[in-house]
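See structure below.
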Amino acid sequence: MVEEPYADDPVLVERRGADAGLNPMFGEWQKTFNFAPVPYRDGGARLRAFHEAIAAELTNRWIYSREVQLEITLHLDVQTVLETSETADLDNYAKAILDGLKGPRGIMFDDTQVQALAISWLDGYGDPSFEISARSSPDDFVLKPVEFYEMPDGLWYPHGRYVWSNGGEEPLPDKSHFAGLSIIELMSSVKRRARAEMRNAGADRLRAYQRGQYVSSMTRGIPADGLQTVASPCSQGETGKKRGAFGGRRILAKSTISSRLF
């Protein structure tokens, strides 16, 4: 249970959760990485080690579930940048860093969530490092571990077993868990049907999409390939596993819902 002094002060509640790694502070998150950024062009073992170094620094037990705005600041030696070819273009660094921030250990599911990106470099006057600032809506995050469920519209929706509550986490009862899934499934089905009917009535693709948002879940669905996980299809009542980039599972539950562990 959360201590009473936090109950009525939203700032203290938010701070308590942020300090415990359970939420971004009103949707905002900042982190300094005290090692040199590695450009995407390096590839191979060096890039994999860079991604592992980023993941090792991330202690957040939450992950952004919708659009994110990112600002990246590289601290580099100015003479090295201007007078040698040892550094890379900013977009090369950006790609490598974004890939390190996504996935089960990261702060977002997929880099398509990045709505806005700013990257710059400054003379660091010391060892190379970089800083990242992220911003999203205060409520657009879910707690780890996250399960993804395929819905009638063909997208996969995050739905975990724990929920944020008053700066802490609480397990979600099975009844509430499956009720939430049923709501997402219903809205996904209605959205798909509504879009089809509007297209048949003469609406163009964009207008059908826009109007379909009125009956869509606030939860953002992600295409299967955006999850970077491999799962094998199973018949009802069976479970199959196949290891992918993160490992995964797919089970066929009631109706047409299937899931993957992220």
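For the pairs K102/K191; K95/K144; K31/K191, note any where the Cα-Cα span goes beyond 31 Å. Walk me through the numbers on the way to the answer.
Working: K102/K191 28 Å; K95/K144 24 Å; K31/K191 38 Å.
Flagged as over cut-off: K31/K191.
A protection proxy built from the mean count of other Cβ atoms within 10 Å ranks the segments 122-129, 190-197, most packed first, as 190-197, 122-129.
Please compute the length gained on full extension between A20 and A45, using 0.36 nm multiplied by the number of residues separating them and subtracting their Cα-Cα distance.
5.8 nm
Of the GluC sites (Glu not before Pro) found in the range 43-101, those that fall in a DSSP loop while having at most 15 other beta-carbon atoms within 10 Å are E86.
Can you tell me what the convex hull of the Cα atoms of the range 105-208 projects to on average, as an area in nm²? Working shown, then result.
Numbers: hull surface 41.9 nm².
Average projection, Cα convex hull of the range 105-208: 10.5 nm².
Size of the range 11-137: Rg and Dmax of its alpha carbons, in Å, are 14.9, 49. What fraction of the DSSP beta bridges in the range 4-135 is antiparallel, stated in percent and rounded to the nearest 5? For the range 4-135, the DSSP antiparallel bridge percentage is about 55.
What FRET efficiency comes out for R161 versus D139 if R0 is 22 angstrom and r is the Cβ-Cβ distance? Round to the nearest 0.05. Mind showing how you got there, number by number?
Values: r = 18 Å, r/R0 = 0.84.
Computed FRET efficiency for R161 and D139: 0.75.
Available extension along the chain between R207 and R193 is 3.6 nm, counting 0.36 nm per residue and deducting the alpha carbon span.
Each value in this text was obtained by applying a stated rule to the coordinates, not by laboratory testing. Remember, it's a predicted structure, so these values are computed and weren't measured experimentally. For neighbour counting, all protein chains shown are included, and Cβ atoms are generated from backbone atoms with ideal geometry for every residue, glycine included.
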